[in-house]
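For reference, the structure discussed in these notes is given below.
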Amino acid sequence: MSGLLLAELFSYFPLLTSSLICLLLALDLIFKKGNLLPISILVVGGIGFIFPSFTTLSIHSEDLGVYADRGAIRVIAQVSAAPQHYPNRVRLEMAGIKRLTSNGEQPIHGLFRLTILKPETYLAYGDQVEMIVPLRRFRQFENPGSFLFADYLERQGLVGQVTLQDERGIKIIQAGRNDFLRGVYRYRDAIRKKILAELHAPVAPILLAMVIGESGFLTDDIRDVFTASGAIHILSISGSHLAMISFFVFGLFRWLLLRLPAPLLLRLSLFKIPSQWAALVTALAVTFYALLSGMAVATERSLIMILVYLFAIWIGRANDIKIALALAAIIILVRQPQAIFDISFQLSFAAVLFIVLMIDWYRDSQPTDPNEITALQKYMTRPIGLLLLTSIAATIGTAPLTLYHFHQWSWVGIIANLVIVPLTGFIVLPLELMASVFSPFLDLFPLATLHDGIGSFYFKTAAFFANFSGADFHFASPNVFLVGLFYILLPLLFIKRMSHGWIGITLATFFIVFLGWGSFRLPPKYLRVTFLDVGQGDGAFIEFPEGSTMLVDAGSGKFFDVGKAVIAPFLWEKKVRTIDYLIGTHPQEDHMGGFSFLVQNFKIGHVLTNGMEVPHSFYRTFLEALRNRGITPLRVSRATPPIIVDGCQIVFLNPNEEPAPFETNLNNHSIVFRLSCPTLSEASFLFTGDIENEAMDTLINEKVLLSADILKVPHHGSRSSLDIDFLKHVSPGVAIFSAGKQNRYGHPHPKALAAYEQLGAAIYRTDQDGAITVTLNPRGFDLKSFREFWLKKVRLSRLWEGEELSNLRKALETTP
């Protein structure tokens, strides 16, 4: 693992990494005479260092990813995993085999995701198909605090995605040959259909996720409840589920073996003791369960961990659990070296490692003499203590990672998992799994009413803990080096068997720093405006010099809630809990669709709109959220007096004084305002919403002050919002286009780009640059884009050309 991490570091900082390695070796030779890093460790670390290079070599085939976003290509591909179903679509993982051209065939490698926009498909695991695919790269929102989804999928080997209305154009050229897996997945599909037909929400979606890994039917409400309660891991078949099944099957089979007639038990014990036979049966059962669940990546890794430990029991090495954990890690990383950077791998191993280390540390502090252990301790306090310690260890061990990746840590999870995990492992999962296994052979789902009742109680239990005060609290990501120090220092303290006091003080210190780091916000020294990457839409966040905040639009909420998935993580990363001014420029989905979640989950001061109301669901939801918080939106127009915030001035230039009827052009009634801070800088901003030529002409005729150094380009740079006279009046030095990558509208229009270039404005685009942050200061303004802070891999052939130095500057500089 150290070799893999050093290899990744070397790709960005080759000279620095080489120097650190040489320094470490020199110190070892001088002070430890080579005892700290023996040859065996150096050899294995060296293998890890060079291993990623060999796994990425492809001699006889080309990477399918090079054809992404380059138009349609004809390929032969194979369904490489169990289909995943959603209410209105089916998702298939496809492995590229060949690319077909007029000149023949070219072998290819790479996985892509095929989505068919219908609830069922006849394509099955193993089918080889010929198809013409418009392969597109995965999209991600590039803002501070965002989870980089496309990078995550790329590490799993997925190079792109294809979306089709149906299977027309897909030709099966060979049916899958693995009859066993095809049979398992047909059986899995029959269970899915039976659960959907016989059980109701929210029970059916929860059971589908827990029993067969079909998580596509989970609603946001269900996910939010389990996330807030600290039990979201229950909804994804991974280590906890396989461990529950293993514990249940192992205990049951061992109990049955011990009740065999003595002669038969003795004959069996000549070969293996009951625990070892139970481990063998458990391995078969848990493997079948993993296959039934669709064998997702996280499930496969957890299965390897479980099987390695069961093998340790089979060979009589059950006490060597740390060695079993290390062996499982080696097996996983040999198969997929990039897994070390995968959040599911990190969470699984962090949880198990801390459970093992904390339980060993706890047991060493307990009396071992049977005469000193009372019956109460043996049968009650110790088992309860171990259960509590397991929950605490898993929560503490994964907390820095969940804070870093998801800005969240649910303290209530320590308590909730004491109830939810046993309830899952001893009642819900075994009962539901047994009923599901038999359901395809029966006319009705067995005892459907009973299962509905159990499932409903189960969900209400999670909801009970989710409603605890502060259960769903968010923080900024902790420093990555601090997270690394946590995972080095804490395991060392447990291994060294430090006292309860030292462990408690160290944990308290880390969590005070983590949570304090993630909560305490200092106001910016100057005015800072961040134009966010919200896809095809608008969203800008303004931080004023004394700490006041303003959000102008929040992207869409139609197919993907940008407010929840993009804006909120950015605000958490900025440690913002209050939005003093919320401005919706005009009531269209791509501007105000993300507001509802923000109104529900942040403290809101003033809400400013153009006064127009539309009969759309996103707007009704927004108004309902405002009513629930007791907030009345205020209408602004060009007659509204300027607003002064922390010494900065906001002057409203549009819309007209009289509210417009819904039938009129919404775009031309967008709120337009000019932002300046006269005491701070001479530079200024002009926010224009989606205004088009008509509104631009009105603003020119009204002879309002339009000049601005930074212009938020109207209507994403559309052709209908290009007015040369308007541009001359504004005369921007910087033009910022907010648009989605390869959006269907063609924004920004080539003529719009050409006009701004001819004007001499510097062009920045959220679809190409990510979030763009502009800071006003006495010198004027500074501008940084999110992508400017991306590290680039250093080409060894150009080692001395400053690429590594550039990476060092980026690493040391704070992301805007």
Next item on the list: Rounded to the nearest 10 degrees, what's the angle between the helix 297-314 long axis and the longest principal axis of the chain, both from Cα atoms, 0 to 90?
Entry: 20
Notebook entry, point to check: Rounded to the nearest 20 Debye, what is the dipole magnitude of the chain about its Cα centre when Lys and Arg each give +1 and Asp and Glu each give -1 at the C-beta?
Noted result: 2300
Next item on the list: Could you please state, rounded to a whole Å, how far the C-alpha centre of segment 394-448 is from the C-alpha centre of segment 785-813?
Entry: 43
Notebook entry, point to check: trypsin sites (Lys or Arg not before Pro), restricted to segment 250-336: which are DSSP loop and have at most 10 other Cβ atoms within 10 Å?
Noted result: Arg259
Checklist line | Residues in segment 745-778 that a label on Leu148 would reach, taking backbone N under 13 Å of a point 7 Å out along Cα→Cβ | finding: 770-771
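Could you work out the per residue convex hull volume over the alpha carbons of segment 77-193, in cubic angstrom? Write out the running numbers ahead of the final one.
Details: hull volume 15.5 nm³, N = 117.
It is 133 Å³ per residue.
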Notebook entry, point to check: Can you put Arg627, Arg497 in order of accessible area, largest first, using a 1.4 Å probe?
Noted result: Arg627, Arg497
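Past 21 Å, Cα to Cα: identify those pairs from Lys574/Lys784; Lys460/Lys575; Lys558/Lys712; Lys98/Lys793, in the order given.
Details: Lys574/Lys784 16 Å; Lys460/Lys575 31 Å; Lys558/Lys712 23 Å; Lys98/Lys793 29 Å.
Lys460/Lys575; Lys558/Lys712; Lys98/Lys793, as the Cα separations exceed 21 Å there.
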Next item on the list: Please work out the Cα center distance from segment 186-250 to segment 324-348, rounded to the nearest Å.
Entry: 24
Margin query: Once you place label points 7 Å from the Cα toward the Cβ at Val480 and Ser731, how far apart are they in nm?
Written below: 4.4
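Which FRET efficiency value, to the nearest 0.05, is calculated for Glu702 and Arg70 with the Förster distance at 45 angstrom and r the Cβ-Cβ distance? Don't jump to the answer; show the numbers that get you there.
Working: r = 47 Å, r/R0 = 1.05.
My answer for the efficiency is 0.45.
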Next item on the list: Specify which residue in the list Gly46, Phe541, Thr163 is farthest towards the positive end of the charge dipole of the chain, using unit charges on the beta carbon of Lys, Arg (+1) and Asp, Glu (-1), about the Cα centre.
Entry: Gly46
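At 10 °C and 1.306 mPa s, grab the translational diffusion coefficient of segment 527-675 from Stokes-Einstein with a Kirkwood Rh over Cα pairs, rounded to a whole number in µm² per second.
On the way: Rh = 15.3 Å.
Reported coefficient: 104 µm²/s.
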Check: Lys793 to Ile724: extension gain in nm, 0.36 nm per residue of separation minus the Cα-Cα distance?
Finding: 20.7 nm
Margin query: Restricting to Cα pairs below 8 Å that are 6+ residues apart, what does the relative contact order work out to for segment 387-456? Please round to a whole percent.
Written below: 24
Note to self: I'd like the accessible area for Ile237: 1.4 Å probe, protein heavy atoms, all chains in place, Å² to the nearest 10.
What the structure shows: 10
Notebook entry, point to check: Taking a Cβ-Cβ separation under 4.7 Å as the criterion for a possible partner, which cysteines of the chain have none?
Noted result: Cys22
Next item on the list: Distance between Cα centroids, segment 452-509 to segment 664-683: provide it in whole Å.
Entry: 44
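Taking a 1.4 Å probe, which of Ile414, Ile495 shows the most accessible area, and what order do the others take after it? Write down the numbers at each step before the final one.
Details: Ile414 40, Ile495 95 Å².
Of Ile414, Ile495, the descending order of accessible area is Ile495, Ile414.
Quick check: residue separation of Leu489 and Ile384 times 0.36 nm, minus the Cα distance between them. What number comes out in nm? Please report the intermediate quantities before stating the final value.
On the way: separation 105, 0.36 × 105 = 37.80 nm, distance 2.76 nm.
35.0 nm is the gain from fully extending Leu489 to Ile384.
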Note to self: Helix-only estimate, please: 222 nm mean residue ellipticity of the chain, summing -39500 (n - 2.57) across DSSP H runs of length 4 or more and dividing by its residues, to the nearest 500.
What the structure shows: -14000 deg cm²/dmol
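Which order do the peptides 418-428, 167-177 come out in when sorted by mean C-beta neighbours inside 10 angstrom, highest first? Walk me through the numbers before you get to the answer.
Working: 418-428: 17.8, 167-177: 13.2.
So the peptides 418-428, 167-177, ranked by packing, come out 418-428, 167-177.
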Next item on the list: Quantify how much of the Cα-Cα distance distribution of segment 441-599 extends past 21 Å, in percent.
Entry: 65
Notebook entry, point to check: Tilt of helix 343-364 relative to the longest C-alpha principal axis of the chain, in degrees (0 to 90, nearest 10)?
Noted result: 50
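On a full-extension model of 0.36 nm per residue, what is the gain between Leu808 and Arg627, subtracting their alpha-carbon distance, rounded to one decimal in nm?
Numbers: separation 181, 0.36 × 181 = 65.16 nm, distance 4.93 nm.
Length difference between fully extended and current span is 60.2 nm.
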Next item on the list: Keeping every protein chain in place, order Glu130, Glu804, Glu105 by accessible area at 1.4 Å, biggest value first, i.e. largest first.
Entry: Glu105, Glu130, Glu804
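If you place +1 on the Cβ of every Lys and Arg and -1 on the Cβ of every Asp and Glu, how big does the dipole about the Cα centre of segment 677-753 come out, in debye to the nearest 20? Kindly include the intermediate steps, with their values, before the conclusion.
Values: 7 positive and 9 negative charges, 82 e Å.
Approximately 400 debye in magnitude.
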Item checked: segment 777-816 residues near the modelled Lys525 label - backbone nitrogen below 18 Å, point 7 Å along Cα→Cβ -> 777-784, 812-816
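Treat segment 180-289 as a sphere of radius equal to its Kirkwood radius over Cα pairs and apply Stokes-Einstein at 25 °C in a medium of 0.890 mPa s; give the translational diffusion coefficient in µm²/s, rounded to a whole number.
Details: Rh = 16.3 Å.
D, rounded to a whole number, is 151 µm²/s.
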Notebook entry, point to check: Per residue, what volume in Å³ does the convex hull of the Cα atoms of segment 268-312 enclose?
Noted result: 50
Next item on the list: Select from Asn693, Ile710, Thr679 the residue farthest towards the positive end of the dipole of segment 659-733; place +1 on Cβ of Lys and Arg, -1 on Cβ of Asp and Glu, and compute about the Cα centre.
Entry: Thr679
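Percent relative contact order of the chain, based on C-alpha pairs within less than 8 angstrom and at least six residues apart? It would help to have the intermediate numbers written out before the result.
Values: 1444 pairs, mean separation 74.7, N = 816.
Relative contact order here is 9 percent.
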Check: In the chain, what percentage of the DSSP-assigned beta bridges are antiparallel, given to the nearest 5?
Finding: 70
Next item on the list: Treating the angle as unsigned and between 0 and 90°, give the value, to the nearest 10°, between the Cα long axis of helix 448-466 and the longest Cα principal axis of the chain.
Entry: 60
Next item on the list: Could you list the residues of segment 625-650 with an amide nitrogen less than 18 Å from a label point located 7 Å from the Cα of Glu546 in the Cα-to-C-beta direction?
Entry: 642-650
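Starting with the highest mean, order 787-793, 119-125, 393-399 by the number of other Cβ atoms within 10 Å, averaged over the residues of each peptide.
Values: 787-793: 13.7, 119-125: 15.6, 393-399: 23.3.
Result, highest mean first: 393-399, 119-125, 787-793.
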Next item on the list: Only Cα pairs under 8 Å and at least 6 apart count here; give the relative contact order of segment 233-371 as a rounded whole percent.
Entry: 23
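Would you please put 274-285, 225-236 in order of how densely packed they are, using the mean number of other Cβ atoms within 10 angstrom per residue and starting with the highest?
On the way: 274-285: 18.9, 225-236: 24.1.
Taking the mean over residues of other Cβ atoms within 10 Å, the ranking is 225-236, 274-285.
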Next item on the list: With unit charges on the beta carbon (Lys/Arg positive, Asp/Glu negative), name the residue among Ile245, Phe781, Ile420 whose Cα is farthest towards the positive pole of the charge dipole of the chain.
Entry: Ile245
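The values are calculated or read from the model by the stated rules, or taken from the named source; none is laboratory data. Computed from a predicted model, the values in this text were never measured in an experiment. Reconstructed Cβ throughout: ideal geometry from the backbone, glycine too, with neighbour counts over all protein chains shown. Keep in mind that these areas ignore ligands, DNA and RNA; they rest on the heavy atoms of the full protein, side chains included. Shrake-Rupley method; radii C 1.70, N 1.55, O 1.52, S 1.80 Å.
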